[in-house]
């Protein structure tokens with residue numbers, strides 16, 4: 001029995017040191033403000049996410065400060081306090097990890113809405129780059145107000161149409177049609193507007209143009 005007590009004291013000391021270590025870690029970082037202005041799409045949802053993250057960051061930092069006050073410098077013989085602080089440490093660690101994921105998804109949405117803004121400005125390469133950045137940052141499916149693959153193809157189609165390659169634009173728009181769900185959306189409105197321009201060009205140059213309907217086709221034949 002006597003040989004176990006030094007081991008037990010060592011375990012308690014280790015817990016105390018681990019608690020002190022977490023108390024000394026830095027506070028959570030603040031999110032960056034919305035990257036798009038109030039007149040641009042996405043500002044309202046980004047502002048809402050930003051406000052939520054700021055409140056969450058402040059609550060965590062307050063909890064961390066309270067943890068520090070309770071848990072730094074606990075004598076190693078106060079096992080109950082050490083156990084409580086160890087539990088507090090675990091809660092802080094879980095919240096830190098969850099906040100990190102939420103912050104990353106927020107940054108992904110920043111990139112997504114910047115992509116839409118650049119698309120509307122006619123900067124299609126910039127939009128495509130931001131959409132790819134959004135995909136790289138996102139930590140989960142369904143993180144965006146739209147299908148990023150469709151947004152990328154829309155920007156590629158607009159770029160092709162601007163360069164006069166209407167057949168490439170049509171192919172990309174057909175890919176959007178093949179993937180999209182039956183729902184009204186910002187993307188559908190933009191795609192239909194661009195379809196109208198492509199159809200007008202095709203008719204002007206007397207190309208046969210077939211528009212896909214449910215169970216139909218979407219193709220251009222010379």
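In table form, for the structure just shown:
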quantity: Residues of region 138-151 classified as crowded, with 17+ Cβ neighbours inside 10 Å, outside any loop (DSSP other than H, G, I, E, B) and under 16 Å from the mean Cα position of the chain (by Cα), total; calculated: 2
quantity: Of residues in region 177-216 being over 22 Å from residue 152 (Cα atoms) and surrounded by 15 or more Cβ atoms within 10 Å (Cβ to Cβ), the one modelled with the lowest pLDDT; calculated: 209
quantity: Residue tally, condition surrounded by 13 or more Cβ atoms within 10 Å (Cβ to Cβ) and part of a helix (DSSP H, G or I), over region 25-73; calculated: 21
quantity: Residue in region 101-115 that is exposed (fewer than 13 other Cβ atoms within 10 Å of the Cβ) and either without any contact (Cβ under 8 Å) to a residue 40 or more places away in the chain or farther than 15 Å from residue 31 by Cβ (or both) present; calculated: yes
quantity: Test result for residue 92, within 29 Å of residue 158 (Cβ to Cβ) and buried (at least 16 other Cβ atoms within 10 Å of the Cβ); calculated: no
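The values are calculated or read from the model by the stated rules, or taken from the named source; none is laboratory data. It should be emphasised that the depicted structure is a prediction, and the values quoted were computed from it without experimental measurement. Glycine gets a Cβ as well: all are built from the backbone with ideal geometry, and neighbour counts include every protein chain shown.
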